[in-house]
1. Among the candidates S220, S229, S214, single out the residue that is in a strand (DSSP E or B) and either at pLDDT below 75 or of a type in the set (S, T, N, Q) (or both).
2. Among the residues of the stretch 81-88, is any touching a helix residue (DSSP H, G or I) at 6+ places or on another chain (Cβ under 6 Å), part of a loop (DSSP other than H, G, I, E, B) and surrounded by 15 or more Cβ atoms within 10 Å (Cβ to Cβ)?
3. Go through the residues of the stretch 167-177 one by one and say whether even a single one is crowded, with 16+ Cβ neighbours inside 10 Å, of a type outside the set (S, T, Y) and at pLDDT below 80.
4. Would you point out the residue of the stretch 89-114, among those that are surrounded by 17 or more Cβ atoms within 10 Å (Cβ to Cβ) and charged (D, E, K, R), that is nearest to the chain's Cα centre (by Cα)?
5. On the basis of being modelled with pLDDT under 90, surrounded by fewer than 20 Cβ atoms within 10 Å (Cβ to Cβ) and not hydrophobic (A, V, I, L, M, F, W, C), does R38 make the cut?
6. If a residue must be in a strand (DSSP E or B) and at pLDDT 70 or above, how many such residues does the stretch 130-161 contain?
7. Condition (residue is touching a residue at least 60 places away in the same chain (Cβ under 8 Å), surrounded by fewer than 16 Cβ atoms within 10 Å (Cβ to Cβ) and not polar (S, T, N, Q)) applied to the stretch 14-21: is it met by at least one residue?
Amino acid sequence: MRGQSPYSRVERILEYIHRHIDQTLGLDDLVEVFGISRWQLQRIFQQQTGLNVAQYVRELKLSLAAEKVLTTHDRMLDIAYQFGFTSEVSFSRSFKQLFGLSPSQYRRRGTKVGLRNPITQRAEHFIDSTSLQTRIEHRPEFTVYGISSPLNGLLEASPNVATIVPNLWETLFSQLGESTECKAQLVGVVDTQQQTPEHANLHYWAALQIDAPSAETLQSYVTQAKLSSLVIPTQDYAVVSYHGLASGFSQLVEWLICDWLPQSGFDSVNGFELEHYGPLTSHIDTPTDMEYWLPIRTLP
């Protein structure tokens, strides 16, 4: 291992984890394979991925187990043993901690929620994050409130994303004024429903997702700020998290679509792409934690 960068070491560790994920795989096993101390292993893995090694292995095992729960009629005990759990009780406890439901409840619901995918190493030009991990989410219908505009995408003859999107957010903030009575999350929505090979027909929304406790003041707030409503239908998504400037989102989307999607077993669908920017603030382009939600379907 001497002479290797921390980045190449983490690549090797990830490759090993992914090839042996269906086996008993503890921290001591990795230490023995890679010939470094527990502290060194934890340190470089955390630095490069933002995750604890044990946490990553556990969440990946549970996500694969959740796929089995949904797609087979195997007994929970058999699934537990397959992924290295010593009992159905310990499996059920860990499963509920991650997904909020017991394995049996998850099977009855029948939808993929919270599934973690293996970390994929970033493209060379990506900024602010060395490795990225997606998760698969099923999201019920919800409503956002905001303002919108037609949008020429990056492949159009005259793309205007770089001007339309920032201008929409500035306009939204000016319409909201100084009011803080409504607790909300900032959500950018790209409506691709009418997209065809010949015409992009994109529509962008700078919008708010209103928190439930603010429902009573919602109508007056929306009226005062002259906001329109948009219903986002039930959809499955690939979700990736990002920490940095909002201006870096285009690179995040490029990685998800060009690097992750072709190898994922999923296909993107026309619908509503979501950009989650966090709590309502008047400064969207400051470093923060954000998420990108890409509508997907399982490949036939």
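1. Residue meeting the stated conditions: S229.
2. yes
3. Checking the stretch 167-177: at least one residue is crowded, with 16+ Cβ neighbours inside 10 Å, of a type outside the set (S, T, Y) and at pLDDT below 80.
4. Only one residue tops the list, namely K112.
5. Yes; evaluated as a whole, the condition is true for this residue.
6. 17
7. yes
The values are calculated or read from the model by the stated rules, or taken from the named source; none is laboratory data. Just so we're clear, the structure is a prediction, and the values are computed from it rather than from any experiment. For neighbour counting, all protein chains shown are included, and Cβ atoms are generated from backbone atoms with ideal geometry for every residue, glycine included.
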